[in-house]
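Visitor: Structure incoming, see below.
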Amino acid sequence: MSPAQWDLPPELCCRPMAFVALTGLDVVYNAIHRAIWDAFCANRRADRVPISFKVLAGDHEYPKCRTKRTSYEWYIPKGILKTGWMNKHLNLVPALVVLFYELDWDDPQWKEKQSECATKVEIVRDKFFSHRTSLQGRNTKVAVVLIQKKTPLPPGEDLVASERASALCGACDLSGKSLFVLPHTDHLVGYIIRLENAFYEHAQTYYYNEIRRVKSHKEFLNKTTHQLLFVRHQFKMGFFSELKQDTQNALKYYRTAYVLINELRAHETNMLEIKTMAGFVNYKICRLCFQHNTPLDAIAQFRKHIDLCKKKIGSAELAFEHTAWMSKQFQSFGDLFDEAIKLGLTAIQTQNPGFYYQQGAYYAQERKQQAGQLCGHEPGVGYPAPDPLETASGALDFYGQRPWRQGHQSIDPPDSEKEKQGILALQVKERDVLHSELIIALLSNAVAQFKKYKCPRMKSHLMVQMGEEYYHAKDYTKALKLLDYVMCDYRTERWWSLLTSILCTALKCSYLMGQVKDYITYSMELVGRASILPEEQKSRIEKNLIKVLMNEVPEPEPDCDPVSVKAAQSLWSDRISLAGNNEITIEVQDYAPFVQCKAKFLSPSFHIDEPVQLHVYVRADCPHPVRFSKLCVSLSNQEYNQYCLLEDASKGKDILESSSQENMCLVPGKTRKYCFKFVAKTEDVGKKVEIMSVGLMLGRETGRYVYLTWRGGWGDAASSHETLQASRCFKKRTRFPEQQVDWDTVSIQSSTMIISRVPKISVQLTHEPPTLTNEMYCMTVTIQSEEGTVAKDLKLTAGLKPGQDANLTQSTQITLNGSEVCDDSHPALLPDIPLGDLQPGQKIVKPLYIRCVSTGSRILLFHVAYSVSATVEGKDITCKCHKDETVTVETVVPFEVAMKFVSSKFEHLERVYVDIPFLLMMDILSASPWPIELVNSEVQLASSMTAIDQPMSQVEGVTLQTSECASECFLLKCPPVQNGTSTVASGHYIISWKRKSASAETSMVRTIITLPHVMVENIPLYIHAELPSFGCVRESLPVRYRLENRTGLVQDVEISVEPSDAFMFSGLKQVRMRILPGGEQEMLYNFYPLMAGYQVLPQLNINLMRFPNISSQLLRRFLPSRIFVKPQGRNGDTSIEAA
Amino acid sequence: MAVCIAVIAKENYPLYIRSVPTQGELKFHYTVHTSLDVVEEKISGVGKALADQRELYLGLLYPTEDYKVYGYVTNSKVKFVIVVDSSNASLRDNEIRSMFRKLHNSFTDVMCNPFYNPGDPIQSKAFDSIVSAMMVQAC
């Protein structure tokens, strides 16, 4: 019996297909036959009918059919199912034998061929039906296929063919349905498919008859003696139904068979047979359920099966057989499940094949354990001879029977001595089974499944089991690899109980392999706080660890295989004697070792003129005190490392010897503090100094040592959670005596900034905000030293603070020279203005001038830098200090200028007229909070305008207070323009002004304002009046109207004077005249005012005949409309009289 | 009654775990730990169906050959796991539910203790006795 004795037979596991034998084909030498055969076997996809074909010789011997008994009365069955039965019906007994014969309908030698064919049919039948005369022979049918060269005519047309066909049928004793024609033409595959469909029908009929035949036995059976037969028959019917592809009925038969099996009387002798058959039938049921896509039925059946069989252990001496069988049940169900999933079934997390593999592995483990208990024979006990497991045929007759008592069905074994020998033989065999291999295979199957169904923890658990199994199988390398892989999962999830158990196994593995580094790593973790081992275990491990560090061989771990321990001990002594490679570095962040470390800077920043202080806290939580030989801190600037180093001075001395360096001994549970101090380099000002790592050396540099490093200066796999818990905890902390620290309260500060020395100078700014646009704004910086020594190389950086709006940089200028106005060439920020040295108490005043071209707020920066010598910790250093002063200034416009064009009558003008004088008016409105002095103003006229008289500034020397307004005007006129109307530039207005300040001398600013453009228009007729500035009542008022023709045409002008109440007048009341080009006419009137006060002059209506669009209204604008009339003098009181 | 009762923190480490002393303690620890796979999956599933969020009882997590593992998750994602012997067929779902409810009440009392730091292992006598009452009495 091989280790695979529990495997299900392949004929059980395959999908049964109808068996059809093909004879008369010479597939080796005949190309046509070969092609036909290929067409049958190639491309058997799911859409082809399920038939398994076999080519057999014409005279092939088929299994003999036993004489069927007519009565079961005296028959006692010897077993449930014969081992050969399934194979017989799958591969030996065909449902149909097909004879291929080359014969065309018009064959010249028809007669001869026909009889040859008949003979061949006869041979096949003879081989088959040796008991043909008996009615109980096989029901296998024979069919004949004629291979023909010609394509047959449609049925009924070929009279010769039908006649000869029936003759052939007669000769061969065939029914018409069993004769086929296979034309060997192009469409071979098509014909073959039709043929095989016909074969399939025959096969189905055959299996149908077989089922009926088996069923017919039932009436002869009785329940007392033929229980086994009931099961056998149900199984057979199920199997035939499967061959018939009637899976529904097959399932029904198998289910019945299963029920019947459980009704069998079970006792120790037949337990194995019953379980074997139950397993077979269960397999079939589950398989069909999966095939029918009813996985829940399959699972339910399997559960039922397991529940029923779990307790059927059978012989106690062979208990391992039961667990082996159970394991196999689970495994094969897992396989079935997995196969169904591959075909499209969806499994879920809680119901996947992994569970079955896992359970299979569990039983395999149990089997191993039982085998260990039951097969632990004395070494002298050998395999019994003669071999009780030997059978005459080399195989069993019935499934699940004992080789030494086949066919025996009574309750007690027939020969107790033989029974003993048999059991012994089985036990001896079991002893040689490689259980671990079986277990690991099952576990790895399960791992693959659980990985697929998102069960990481289950996966880890199974991997631990695998690792342990490898450990038992003495494959320590693989064991360690697996355990190491999952360890971190348990560590990060903080399942210390599980981690401890894994670590213990891993420690054993590493001990047995002599792996120093692993040994040390695991020991460190097992001794520490993450382990839940009892104190004495920890103590033992720690002692071993110290031994290893002292380069000695550690004590073996308990419960190890003694042979392996021997090998390990020699391995270790080799390791010890080997020089070199004694340095081991362990990065602790992936472990939770027994030493904890926290390193911190005392402050998040240190000034350059004070020493940087660093504390390192170390704590051990092992059972015994431990001494270390070196503690070093690695900082981001390596140059400081030398100051942060603590080394055992007593080099070379024994590790356990009590040295003066009590300091370097870690007492369990107590926190040690180590202080380091160093002076930072001046180059590091403004830089961060970080703790890269803290290293702690256990052991001796001379011997073997372990270097533990904490990256970032603290923290291992467990500490982040501990810190969190500690921070949450609000328990009142117990007071610790002096020199002792509560570990949990130590906070982490793993980096610090080196910052410059605090400056001892004062920087003051004096100015008068806001600034006015374009002015040279004066800011006075006063720097006073409060240093004790000379401040050297004083430098001032002043101006716009960088990082503001880019436009501000463009529109801000700064200079030291206030006498001249800045322009674009001046920068926004004046860097490093050297101010020399400053004696203690000395003061520097520096005026700066800033010109802001645009309004808005600006942040100005005044940065004073200097260097000073200082002494820190006895070291002289030159410290650079600096002080920043920033100020926000607002810039506002100093004044606003409004300009307008008005006529000489101060009427607002939309447009001006050629050669006619007008006024340009300026209003200067102060917007500055400070008084402004207007120094001067002038207009710079464009060529298109001329001043009528010498324009003089009227605002010169005027001082404007906030929101006061100054105005001035200039009399201008426009020379003629080209074409009637055009827009012309007017020129510029320049105001020179300065801030009127009491404190500082301010410089003058010229502000240039562009005058607006104006529309200039030609006018055809110009009229103006000459009249006195005022009149008197009843005194003649001479008025002269002058009309100028400004065109090149003769103009007809109609003039009329309208009467007025206030005036009498003399002169032409209505006149029509003609004015020559460029000529002028004068009209003389004598007005005689009648009333005093402002009086409306008599209105002049002018009508230009040639220019009807020039209204008299427009022309009238050139004329005064009113005049002031004075009342008459006191001496002449005539007016009163007249009134 | 239960053979193992465990309280698991939000971060999936054990706060309290107790099993009958007759069988391997380690085995139960593994059983509880592996059951967290299913708990995690169920919790993430609940997130999708907000309506179901009030149901704290997760039901049977997974059946093994010998034990049934039941789960329960509080609103603060603390998990309770009860392992029951498979052979104990008399135990119905309702009884398991009431066991969890009792456990939850007792756990709430533990949390209410001002001297208890959440996240620390539970070391309450009252909680212990509640758990003991639910455990199979080893005789």
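Only the coordinates and a few stated rules stand behind these numbers; no lab work does. Note that the coordinates shown come from a computational prediction; the quantities given were computed from them, not determined experimentally. For neighbour counting, all protein chains shown are included, and Cβ atoms are generated from backbone atoms with ideal geometry for every residue, glycine included.
Visitor: Mind running the shape call on segment A:764-871? Use the C-alpha gyration tensor, a ≥ b ≥ c as the square roots of the eigenvalues: rounded below 1.5 for a/c, prolate if a/b tops b/c, oblate otherwise.
Guide: Taking the square roots of the gyration eigenvalues as a ≥ b ≥ c, segment A:764-871 is prolate.
Visitor: Taking the Cα centre as origin and putting +1 on Lys and Arg beta-carbons and -1 on Asp and Glu beta-carbons, what dipole magnitude results for chain B, to the nearest 20 debye?
Guide: For this selection, approximately 300 debye.
Visitor: Among A:E1080, A:E390, which comes first, then next, by fewest other beta-carbon atoms within 10 Å?
Guide: A:E390, A:E1080
Visitor: Residues of B:58-67, mean number of Cβ from any other protein chain within 10 Å of their own Cβ, rounded to a whole number?
Guide: Taking all residues of B:58-67 together, the mean is 3.
Visitor: Looking at the square roots a ≥ b ≥ c of the eigenvalues of the Cα gyration tensor of segment A:582-755, which shape do they give, rounded for a/c under 1.5, prolate if a/b is larger than b/c, or oblate?
Guide: oblate
Visitor: Here's a follow-up. Give me the base-10 log of I(q)/I(0) for segment A:895-1017 at each q in 0.14 Å⁻¹, Debye formula, one uniform scatterer per Cα, rounded to two decimals.
Guide: Computed log10 I(q)/I(0) values: -0.61.
Visitor: Just want to confirm a number: the relative contact order over chain A, from Cα pairs under 8 angstrom separated by 6+ residues, in percent.
Guide: 5
Visitor: Sticking with this structure for a sec: Say R0 is 60 Å: what FRET efficiency, to the nearest 0.05, do B:L26 and A:N222 get from their beta-carbon distance?
Guide: About 0.60, to the nearest 0.05.
Visitor: Taking Cα pairs under 8 Å and at least six residues apart, what relative contact order does segment A:895-1017 come out at, in percent?
Guide: Relative contact order here is 30 percent.
Visitor: Taking a quarter of the surface of the convex hull around the Cα atoms of chain A, what do you get in nm²?
Guide: Computing the convex hull of the Cα atoms and averaging its projections yields 102.6 nm².
Visitor: What's the angle, to the nearest 10 degrees (0 to 90), between helix A:476-492's Cα axis and the longest principal axis of chain A?
Guide: Approximately 40 degrees, to the nearest 10.
Visitor: For the ranges A:1104-1112, A:1015-1023, what's the packing order if you count other beta-carbon atoms within 10 Å of each residue, average per peptide, and put the highest first?
Guide: A:1015-1023, A:1104-1112
Visitor: Moving to a separate point now. Which Cα, out of A:P386, A:M1105, A:V853, lies furthest along the positive dipole direction of chain A (beta carbon charges, K/R +1, D/E -1)?
Guide: Farthest towards the positive end: A:P386.
Visitor: Report the FRET efficiency, 1/(1 + (r/R0)^6), for A:K846 and A:I755, where r is their Cβ-Cβ distance and R0 is 22 Å, rounded to 0.05.
Guide: Once rounded, the FRET efficiency stands at 0.25.
Visitor: Between beta-carbons, use under 13 Å as the cut-off and find the net charge around A:F40, counting Lys and Arg +1, Asp and Glu -1.
Guide: Neighbourhood net charge equals +3.
Visitor: Can I ask one more? Measure nothing but the geometry: give the 0 to 90° angle between the long axis through the Cα atoms of A:188-216 and the longest principal axis through the Cα atoms of chain A, rounded to 10°.
Guide: 60
Visitor: Another question about this same structure. Could you give the distance between the Cα centres of segment A:909-964 and segment A:687-726, to the whole Å?
Guide: 82
Visitor: Would you mind giving the mean number of other chain beta-carbons within 10 Å of the Cβ of each residue in B:33-45, as a whole number?
Guide: Taking the mean over all residues of the peptide, I get 5.
Visitor: Which of A:A985, A:V958, A:T1002 sits closest to the plus end of the dipole of segment A:895-1017, meaning its Cα is farthest towards the positive end, when Lys and Arg get +1 and Asp and Glu get -1 on the C-beta?
Guide: Positive-end residue among those listed: A:T1002.
Visitor: Between 0 and 90 degrees, rounded to the nearest ten: what's the tilt of helix A:353-374 against the longest Cα principal axis of chain A?
Guide: Once rounded, the angle reads 50 degrees.
Visitor: Going by C-beta contacts inside 10 Å, put A:F199, A:F594, A:F180 in order with the fewest on the left.
Guide: The fewest-first ordering by Cβ neighbours comes to A:F180, A:F199, A:F594.
Visitor: Ok, one more. Under unit Cβ charges (Lys, Arg +1; Asp, Glu -1), what dipole magnitude, rounded to 20 debye, does the protein assembly as shown have relative to its Cα centre?
Guide: That gives the protein assembly as shown a dipole magnitude of about 4040 debye.
Visitor: Of A:F862, A:V612, A:V746, whose Cα points farthest to the positive end of the dipole of chain A (charges on the beta-carbon: +1 Lys, Arg; -1 Asp, Glu; origin at the Cα centre)?
Guide: It is A:V746.
Visitor: Arrange B:S76, A:S953, B:S90 by Cβ neighbour counts within 10 Å, fewest through most, would you?
Guide: Listing B:S76, A:S953, B:S90 from fewest to most nearby Cβ atoms yields B:S90, B:S76, A:S953.
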